[in-house]
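The values are calculated or read from the model by the stated rules, or taken from the named source; none is laboratory data. The structure presented is a predicted model; accordingly, all values stated were derived computationally and were not measured. Because the Cβ atoms are built from the backbone with ideal geometry, glycine has one as well, and the counts that use them run over all protein chains shown.
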Amino acid sequence: MVVKIGIIKTGTIGTSSLIELILDERADREDIDVRIVSSGAKMSKQQIEEVTFKINDFNPDIIIFISPNPNAKQPKNARKILTELEIPTIIIGDKPGEVAIPEIKEQKFGYIIIQADPMIGARREFLDPTEMVLFNADVLKVLAVTGVFRLIHKTLDNVIDDIKNNEPIHLPELLVTEKEAVDTAGFKNPYAKSKAIAAYNITKQVAQMNINACFKVKESDEYIPIVAAAHEMMSSAAKLADEARMIEKTNDSVLRTPHRRDGSTLSKTSLMDNFR
């Protein structure tokens, strides 16, 4: 069976940019077919309604809805629309979405809420396209090295397997803390693991600083240094993630978990070993 996966992207968080690619990193899986609809950077009522209804044209077996703050007005509106489609749905969002968890459960959706997928410092005086790309590159590195992306693809793979095997679908209820992420990363060296924990927690602080600077602090002479500082912290977190990865490389203990064509995963830790 080929599982049809419909992904709705509204606005963007770090996870948004590569969510579909972590499921099919070599573009050779034969058990899934993926379609994406996106509203781009904007999250207005018209755009979110258009893309949410549009995904039904693909007749998906599972829907992944990913956006900043699933509790915000328009993502909340999208969730109401998704309840009408009656298709198994997983909501993926960032830390502000934690408050929406009870409602998401009530709607019978699954969820993956990532604490360390921070809001960007979106103040015009500071943020330009170059800074936006650099920030997201740092976020992606932390999400990858600390195990967040591995945890997400393993979680989604389990749901895909349920559908393939015509079994009851177990939608995830996952709040991604540093422990959930780093335990999945598969570190062998305790210093590497410690650096990854530090990187994750710094990234969580970046999120709160940027929320404060973008929505609470009103004076530019106050909020500009805050968003600049948050981006410096994000850069430092990415460097810690690099260092953690390099320790594991030096020890020849990097965990690799590629997909087979049938969607199952292989595993090895030594570069020149065979997969098992």
Assuming GLU173 fulfils every condition listed in (1) closer than 18 Å to PRO96 by Cα; (2) crowded, with 17+ Cβ neighbours inside 10 Å; (3) of a type outside the set (A, V, I, L, M, F, W, C); (4) in the same structural domain as ASP24 (by TED's automatic domain parsing) apart from one, which condition is it? (2)
Residues being assigned to a loop (DSSP other than H, G, I, E, B), over 30 Å from VAL34 (Cα atoms) and of a type in the set (A, V, I, L, M) - total across the stretch 212-271: 2
What number of residues in the stretch 100-139 are assigned to a helix (DSSP H, G or I), surrounded by fewer than 17 Cβ atoms within 10 Å (Cβ to Cβ) and among the small types (Gly, Ala, Ser)? 1
All but one of (1) crowded, with 21+ Cβ neighbours inside 10 Å; (2) under 25 Å from THR52 (Cβ atoms); (3) assigned by TED's automatic domain parsing to the domain that holds ALA241; (4) not small (Gly, Ala, Ser) hold for VAL142, so report the exception by its number. (2)
Pairs with Cβ under 8 Å, 6+ apart, first in the stretch 60-87 and among the charged types (D, E, K, R), second part of a helix (DSSP H, G or I) and surrounded by fewer than 22 Cβ atoms within 10 Å (Cβ to Cβ): ASP61/ILE163; LYS76/GLU103; ARG79/GLU103
Anything in the stretch 159-204 that is of a type in the set (Phe, Trp, Tyr) and over 21 Å from the mean Cα position of the chain (by Cα)? List them, or say none. TYR191
Could you pull out the residue among ARG256, ARG245, ARG261 that is surrounded by fewer than 12 Cβ atoms within 10 Å (Cβ to Cβ), of a type in the set (D, E, K, R) and at pLDDT 95 or above? ARG261
Just name the residue that is surrounded by the most Cβ atoms within 10 Å (Cβ to Cβ) out of those in the stretch 264-276 that are over 23 Å from the mean Cα position of the chain (by Cα) and polar (S, T, N, Q). THR269
Residue within the stretch 207-223 that is polar (S, T, N, Q), crowded, with 17+ Cβ neighbours inside 10 Å and either more than 20 Å from PHE135 (Cβ to Cβ) or not assigned by TED's automatic domain parsing to the domain that holds ILE90 (or both) present: yes
